[in-house]
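Heads up, the thing below is written out as structure tokens.
The values are calculated or read from the model by the stated rules, or taken from the named source; none is laboratory data. Since we're looking at a predicted model, the values are computed, not measured. FYI the Cβ positions are ideal-geometry reconstructions off the backbone, even for glycines, and counts take in every protein chain you see.
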Amino acid sequence: MPVRPLLGAAAGAALLLLGTGAAAPSAAAPADPAEVVTVDAKGRITDDGTITLSGTYRCLAGGGAAFVGSSVSRAATDTLSYGIGGTHAVCDGKTHRWENTGRVSGDRVKAGPAHVEATIMELRPSGIVLLPVPHAVGKQDITLVRD
């Protein structure tokens, strides 16, 4: 058997294991109670499917850029959710407002009850890659109202 494919497979496996090992401790670490993200009880939806979600967040300084991302689904039990924008987060230990806007095509999400998940995610440098490190997650059943 040629040596090159074996070396390539071994190198790929090593990189995969190194990447997994580096990401696992950060992702598995318990969240700091000083870090929190909330979701407002009401969101807005327009006739063209543009959704605006908002809330507050507080996070502590990290080693990379941080963002508040959000997604919406019709109910907490839905397996399909739709990403609704992202906002740059300032992680200075103070409470800040966030607001994300995005469009969901068609009638997939309508005015009425919905479920939102918001996450503060940091992109932390680790060698030549950026590893996603969650700071806090907030989940909330909300009402989408016509805007």
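Can you pull out every residue in region 42-60 that is in a loop (DSSP other than H, G, I, E, B) and either under 12 Å from Ile120 (Cα atoms) or β-branched (Val, Ile, Thr) (or both)?
Thr46, Cys59, Leu60, listed by residue number.
May I ask you to verify whether His135 is under 17 Å from Ile45 (Cα atoms) and touching an Asp or Glu at 6+ places or on another chain (Cβ under 9 Å)?
Answer is no for this residue.
Being surrounded by 14 or more Cβ atoms within 10 Å (Cβ to Cβ), closer than 17 Å to Ile142 by Cα, assigned by TED's automatic domain parsing to the domain that holds Pro125 and free of Cβ contacts under 8 Å to residues at least 60 places away in the same chain, is that true of even one residue in region 59-69?
Within region 59-69, one or more residues are surrounded by 14 or more Cβ atoms within 10 Å (Cβ to Cβ), closer than 17 Å to Ile142 by Cα, assigned by TED's automatic domain parsing to the domain that holds Pro125 and free of Cβ contacts under 8 Å to residues at least 60 places away in the same chain.
Inspect region 26-35 for any residue being within 13 Å of the chain's Cα centre (by Cα) and within 16 Å of Glu117 (Cβ to Cβ) and give the result as yes or no.
Within region 26-35, none of the residues are within 13 Å of the chain's Cα centre (by Cα) and within 16 Å of Glu117 (Cβ to Cβ).
Can you find, within region 98-115, the residue that is modelled with the lowest pLDDT among those that are of a type outside the set (D, E, K, R) and assigned to a loop (DSSP other than H, G, I, E, B)? If you could, list the steps in order and put the result at the bottom.
Within region 98-115, the first condition is being of a type outside the set (D, E, K, R), and the residues that meet it are 98, 100-102, 104-106, 109, 111-115.
Now narrow it down to the ones that are assigned to a loop (DSSP other than H, G, I, E, B): 104-106, 109, 111.
Values: Val104: 90, Ser105: 82, Gly106: 79, Val109: 90, Ala111: 93.
Taking the candidates together, the pick is Gly106.
Please specify each residue of region 43-78 satisfying the condition of being within 16 Å of the chain's Cα centre (by Cα) and among the polar types (S, T, N, Q).
Matches in region 43-78: Thr52, Ser54, Thr56, Ser70, Ser71, Ser73.
Scan region 73-96 and tell me whether some residue there is surrounded by fewer than 19 Cβ atoms within 10 Å (Cβ to Cβ), in a strand (DSSP E or B) and of a type in the set (Asp, Glu).
No, there is no match, as no residue in region 73-96 is surrounded by fewer than 19 Cβ atoms within 10 Å (Cβ to Cβ), in a strand (DSSP E or B) and of a type in the set (Asp, Glu).
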